[in-house]
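The values are calculated or read from the model by the stated rules, or taken from the named source; none is laboratory data. Values in this document were obtained by computation on a predicted structure and should not be read as measured data. Note: ideal-geometry Cβ built from the backbone for every residue, glycine included; neighbour counts use all protein chains shown.
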Amino acid sequence: MVTSDSKLSKTSLIGSFLYGFIFNRRWITFAVLILCWHFFTLVVDIDLLPTPGRVLESLREIMRNGIFFEQLGDSMVRIGFGFSLALALGIITGVLMGSRDFWNKFFQDLIVLGLSLPGLVYALLSVMIFGIGLTAPVAAITAASLPFIAVNVREGVRSIDKDLLDMCRVYKIDRVRLIRRVILPTLIPFIMAASRIGFTVAWKVAVLTEVFGASTGIGYQMRYQFQIFSVRGIVAWALLFGLVMLVIEYGALIPMERYFNRWRPTIEKVV
Amino acid sequence: MTLETKNQVVVQIENLVKIFSDEEGREHCVLPGISLSVSQGTLLTIVGPSGSGKTTLLNIIAGLEEKTSGTVKIGKGAERSQLAYVFQSARLLPWLTVEENLRFVKPENTTEKSFKEKIHHYLGLVGLNDVTRHFPHQLSGGMQQRAGIARALCIEPAVLLMDEPFSHLDEITAEQMRVELLRIWEDTGQTIIFITHDMQEAITLGDRLIMLNFHGEIAEDLAVELHRPRKFSDRSFIEFYARSAELFQGIRKKE
């Protein structure tokens, strides 16, 4: 009667990433990409197009003099503040929209507008309004990622099971337990999905803001490479940027998802 | 159980009226004024055609729906006593294990320790001792419903309300569950109000059988004085069933 395996035991994450990378042939993606790139630079005769080897040189340079972690740190602080603020405000907005018709109507059009405006608009405006400093990137990041979070949380609130709420009423469940045991577990997958999108948007807007209005950070470094017209510099920074995203994905987002989804039936093979 | 407690009334309903208003403001009378008292330890089954207000009646007793007028008293004192409700589906919290689902309903005035003992007692009673750490999705429908029943029992409610709890199960499982429910009822002396649309189920379980008609009125209120265990093949069962089915037909025809 009980399904045979619970599948609740989790292997270590880095282990499973490396395992997946090596044995599930995910390395092929990267190998093919690098090979294509290499041959492309051979075939197409453009001096400015750097070979993988030359980009690697740039990477070594950036990593060697410690500049990378310094610049990454500056960007991370901005993103950290902006994204946290967006998450907090987005959850509040989403809960209001999901539970009260008035607030849903109030925010509806603002959210649509917010979702559709390009990140560039927030970046430009906030730099012009707040100048150079921490406020500009934080404001831009918050404004850009808040709508994504609010929309997801609203759907989460709407998906709260009314039958479970009735059950709680019969058993006289107090408010604290209701929120902790029923409302939050329902919302968490939605907040996770929201964070995923919101965080990506936050990164993009942070980099944009740094391009226009900062003297440090990954975005600023990219502008600098642009100004000295170094294609390989930009590619190197972009690669490192992507690497950081992968680390965050496997180091934080996936473990969190696994933890919060541990009660769910696994659906590994749908097709 | 002494005769005195046996005759104690745990549910007292007087002139209960429920009127719904639809969007166009038209009023629909679901319950026109039911009066009913249920004494301690009774297993009352209520049958009625769909739309007769069975679930509404149960929901009002449970406090899930507002009544239009009338009184509903539960328990002995003035204070509203604890109730338990077993729904058509188990309504377990999917992110909590079976044991955690039971711990979730711990009444405020119960200590952690004594409630833990109760949880294990009632999980044992429904035969789920081996799966206390499983999540609901890892259990079959029947086992989920058992967990729902254990959850209802572990708060030791004044009344246990059951709304077609076995209707979503396959017939073989449902039959097992009926036997189990009767065993638990005999073990605990729990007062139960059990709603069903299935006459055979109502007679198998109940020691009192109420039939509602389309207007939400009590059309019949019968004592089911058949010996237990009841089998559908027993002559006395068949006779009682035939008589009840005929009454029920009559109720339906009047519509």
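Assorted remarks:
- The set of residues in region B:150-160 that are within 13 Å of the chain's Cα centre (by Cα) and under 13 Å from residue B:118 (Cα atoms) comprises B:152, B:153, B:157.
- Index of the failed condition, residue B:24 passing every other in (1) under 18 Å from residue B:202 (Cβ atoms); (2) modelled with pLDDT under 90: (1)
- The set of residues in region B:137-175 being more than 11 Å from chain A (Cβ to nearest Cβ), of a type in the set (S, T, N, Q) and surrounded by fewer than 16 Cβ atoms within 10 Å (Cβ to Cβ) consists of B:167 alone.
- Hey, residue B:214 part of a loop (DSSP other than H, G, I, E, B), closer than 25 Å to residue B:14 by Cα and of a type in the set (Phe, Trp, Tyr) or not: yes
- Scan of region B:104-132 for residues that are surrounded by fewer than 17 Cβ atoms within 10 Å (Cβ to Cβ) and either within 23 Å of residue B:174 (Cα to Cα) or within 10 Å of chain A (Cβ to nearest Cβ) (or both), ordered by number: B:107, B:108, B:121, B:124, B:127, B:129, B:130
- Selected residue (only one of A:199, A:190, A:148 is within 14 Å of chain B (Cβ to nearest Cβ) and within 16 Å of the chain's Cα centre (by Cα)): A:190
- Residue in region A:213-226 that is at pLDDT below 90 and loosely packed, with under 14 Cβ neighbours inside 10 Å present: yes
- Checking each residue in region B:54-71 for being out of contact with any Ser or Thr (no Cβ under 7 Å at 6 or more places or on another chain) and within 14 Å of another protein chain (Cβ to nearest Cβ) picks out B:55, B:56, B:58, B:59, B:60, B:61, B:62, B:63, B:64, B:66.
- Failed item in (1) surrounded by fewer than 19 Cβ atoms within 10 Å (Cβ to Cβ); (2) at the interface with chain A (Cβ under 7 Å from one of its Cβ atoms); (3) touching a Ser or Thr at 6+ places or on another chain (Cβ under 9 Å), with residue B:95 passing the rest: (1)
- Filter result for the condition that a residue is touching a residue at least 24 places away in the same chain (Cβ under 8 Å) and among the β-branched types (Val, Ile, Thr), over A:170, A:151: A:151
- In region A:167-182, the qualifying residues are those that are part of a helix (DSSP H, G or I) and buried (at least 18 other Cβ atoms within 10 Å of the Cβ), and the one that is farthest from the other protein chains (Cβ to nearest Cβ) is A:168.
- Residue in region A:50-63 that is under 24 Å from residue A:208 (Cα atoms), of a type in the set (Lys, Arg) and not in a loop (DSSP other than H, G, I, E, B) present: no
- Just one residue in the set A:111, A:92 is part of a helix (DSSP H, G or I), over 15 Å from the mean Cα position of the chain (by Cα) and modelled with pLDDT of 95 or more; that residue is A:92.
A quick yes/no check of all residues on (1) of a type in the set (Val, Ile, Thr); (2) in contact with a strand residue (DSSP E or B) (Cβ under 8 Å, 6 or more places away or on another chain); (3) within 28 Å of residue B:89 (Cα to Cα); (4) assigned by TED's automatic domain parsing to the domain that holds residue A:217:
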| site | (1), (2), (3), (4) |
| --- | --- |
| A:118 | no, no, no, yes |
| A:136 | no, no, no, yes |
| A:167 | no, yes, yes, yes |
| A:188 | yes, no, yes, yes |
| A:196 | no, no, no, yes |
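- Unmet requirement for residue A:108, which otherwise passes all of (1) without any contact (Cβ under 8 Å) to a residue 60 or more places away in the chain; (2) more than 26 Å from residue A:187 (Cβ to Cβ): (2)
- If the condition is being in a strand (DSSP E or B) and surrounded by fewer than 15 Cβ atoms within 10 Å (Cβ to Cβ), then region B:219-234 contributes B:221, B:223.
- Flag if residue A:209 is under 17 Å from the mean Cα position of the chain (by Cα), part of a helix (DSSP H, G or I) and among the hydroxyl-bearing types (Ser, Thr, Tyr): yes
- Qualifying residue in region A:48-55 (condition: within 30 Å of residue A:138 (Cβ to Cβ), at pLDDT below 85 and of a type outside the set (Lys, Arg)): no
- The helices (runs of 4 or more DSSP H) found entirely in region A:214-268 that carry 2 or more residues being under 18 Å from residue A:74 (Cα atoms), away from chain B (no Cβ under 14 Å) and of a type in the set (Phe, Trp, Tyr) are A:218-227, A:231-248.
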